[in-house]
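Inspection log for the structure reproduced underneath, given as structure tokens.
Read the figures in this text as sums done on the coordinates, not as results from a lab. Note that the structure is a prediction, hence the values are computed from the model and not measured. Heads up, the Cβs are rebuilt from the backbone with ideal geometry, glycines too, and the neighbour counts pull from every protein chain shown.
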Amino acid sequence: MKRLMIITALTSAMIATSASAQWIPCANLSVTCTTQNVGIGTTTPSQLLHVLGNVAAPVRQVVQNLNGGGTADSIWQNDVGAALAFQLGGSTKPGLIWGLSWSNMGRFTNTFGPIGVGTDNAFPLYLATNSSVRMTIDTAGRVGIGTGAPTQALDVNGNINVSGNINAKYQDFAEWVPAATTMDPGTVVVLDGSHSNEVIASKTAYDTSVAGVISKNPGVALGEASPSKVLVATSGRVRVKVDATKGPIRIGDLLVTSNKPGMAMKSEPIALNGVKIHRPRNLIGKALEPLDKGQGEILVLLSMQ
């Protein structure tokens, strides 16, 4: 019994002595330990774990901060001036790459430079909340909000609340309207008397059922596009087909429908009690460009009346 107690005491002492000893450099593994820090590939570790070189990641690799504080106590840092990135997935699977790059240091903050988020290998980027995709950036750079298949530079499926201005390259306001046939941009259209909520090309002079002008590139387009619809501009500036065979069109002239299909002409005033006035309820707008003779296309400020 006494001999067993002596052996147990010696074993405990050996374990305690071994646990308190410092590590020394290993010739093959290049593992070094100071009093507090562990270095792999470096003999002067400056952090609790300091790895100099590449790390072969297993199937799952987790870096966790157990400090429990409210500050950023875990930092991934790149001190060689290259990009710092993290990737989920592989070269043959959809993956997310996110990171940042600047001259000397990379951290998860924009204090020193930009932060990049993106994908590799022609995969789209998804942003999700509550396990549902909310925003998509497809491989062509189109952004979809509320839709996973954007068809425009910005495609929103839902309502938009704007507190500022909406700037558009083109300057007319149009809407999709049913029509029996397609019509060229600039065509003057009137309401189709034989079909509800449809338009046709104008064909009589001073038609009071004038509805607008076919737009090529409206600044704002309302409604749902369809092969059986046309874009009808009702306000703003748009190019219009005009006929000047009965008289030249000057800048500022009021325009009405003509007897040439889909064309406008200058409105001629009529005398009423000695005062010349223009017929009401048939005005298309004001000419912004002149046309001396023949037929052509000019810019018109629409003001349907």
For the range 172-303, divide the Cα radius of gyration by the Kirkwood radius and give the resulting Rg/Rh value with two decimals. 0.98
Please give the contour-minus-distance gain from T44 to I145: 0.36 nm per residue of separation, less the Cα-Cα distance, rounded to one decimal in nm. 31.4 nm
Given the Cα-Cα distance of K286 and T208 and 0.36 nm per residue of separation, how much length would full extension add, in nm? 26.4 nm
Between the range 152-183 and the range 197-212, the alpha-carbon center distance in angstrom: 23 Å
Please report K246, K241, K229 as a ranked list, fewest other C-beta atoms within 10 angstrom at the top and most at the bottom. K246, K229, K241
Amide H contacts under 5 Å for K216, restricted to residues at least 5 apart in sequence or on another chain and with H modeled in the peptide plane, are G186
Gained length - A168 relative to L299, 0.36 nm times residue gap less alpha-carbon distance: 45.4 nm
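Taking only the Cα atoms of the range 117-214, how large is their convex hull per residue, in Å³? Each step should come with its number before you reach the end.
Working: hull volume 19.8 nm³, N = 98.
Each residue corresponds to 202 Å³ of Cα convex hull volume.
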Separation between the K216 and V117 pseudo-spin-labels, each 7 Å from Cα along Cα→Cβ, expressed in nm? 4.0 nm
Amide H contacts under 5 Å for V51, restricted to residues at least 5 apart in sequence or on another chain and with H modeled in the peptide plane, are I40
Long-range amide H partners of L283, meaning residues 5 or more apart or on another chain whose placed amide H is closer than 5 Å, are Q305
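Report the calculated FRET efficiency for A225 and I270 (r = Cβ-Cβ distance, R0 = 35 Å), to the nearest 0.05.
Details: r = 41 Å, r/R0 = 1.17.
The pair A225/I270 has a calculated efficiency of 0.30.
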Between L127 and N157, what is the label-point separation in nm under the 7 Å Cα-to-beta-carbon projection? 1.8 nm
